[in-house]
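Down below is the structure, laid out as structure tokens.
The values are calculated or read from the model by the stated rules, or taken from the named source; none is laboratory data. Bear in mind that the values here come from a model prediction, so they are computed numbers and not experimental data. When we count neighbours, we look across all protein chains shown, and the Cβ atoms used for this are built from the backbone with ideal geometry, even at glycine. Protein only, heavy atoms only, side chains kept; ligands, DNA and RNA dropped before computing areas. Shrake-Rupley method; radii C 1.70, N 1.55, O 1.52, S 1.80 Å.
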Amino acid sequence: MDVVVRRATADDVGALARLNQIVQALHVSAEPAAFRADSSDAEMQSFFANLVIADKTFVLIAELAGLPVGYAWFEIQDRPPTPFTNARLRIYIHHVVVCENSRKLGVGSSLLDAAEAEAQVRGIKDVVLGSGLDQHQKAMTAASATAEA
């Protein structure tokens, strides 16, 4: 079965909201103080409806046999230099989600390949995948340091 990856449209927001439940549950489990467990389906659909039309933001949907089984959400970040950092142009991947029953079928790889292809077309050399775990680790380290002080 071939994985089809395409740009998501307004017609996909229901599927995106359903697929997002997978990653949102992980976020809530890792950092319940930071992530909401009570977001409504309407809120999620509205959020994704705005994302699919946003400038410099991409939501790709992956399908197997015509059914949505995963998505990737990424954005082009074009940061000017600051006193602290150099200018930076990169693609930052916020989410890569694949339904459990569609894992190990190349869906995630296909989504990441499509994000990398978008970077190449635009001449962007850096593609960063945010895991969320780095933020959770930072929060745990800060809490640990505060407890030890």
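Figures for the structure shown
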quantity	calculated
Test for residue 17: is it closer than 21 Å to residue 116 by Cβ and small (Gly, Ala, Ser)	no
Verdict on residue 58 being in contact (Cβ under 8 Å) with a residue 12 or more places away in the chain and either surrounded by fewer than 19 Cβ atoms within 10 Å (Cβ to Cβ) or out of contact with any Gly (no Cβ under 9 Å at 6 or more places or on another chain) (or both)	yes
Residue ID - least open to solvent (accessible area, probe 1.4 Å), chosen from residues in the range 32-51 that are under 30 Å from residue 2 (Cβ atoms) and in contact with a Phe, Trp or Tyr (Cβ under 9 Å, 6 or more places away or on another chain)	48
Qualifying positions in the range 78-129 - open to solvent by less than 90 Å² (accessible area, probe 1.4 Å), of a type in the set (Lys, Arg) and free of Cβ contacts under 8 Å to residues at least 12 places away in the same chain	none
Count of residues meeting criterion [under 13 Å from residue 47 (Cα atoms) and either open to solvent by 10 Å² or more (accessible area, probe 1.4 Å) or over 16 Å from the mean Cα position of the chain (by Cα) (or both)] in the range 3-20	7
Where residue 131 falls short, out of the listed (1) assigned to a strand (DSSP E or B); (2) modelled with pLDDT under 95; (3) not β-branched (Val, Ile, Thr)	(1)
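Residue-by-condition table, conditions (1) over 19 Å from residue 17 (Cβ atoms); (2) touching a Leu at 6+ places or on another chain (Cβ under 6 Å):
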residue	(1), (2)
98	no, no
107	no, no
114	yes, yes
123	yes, no
130	yes, no
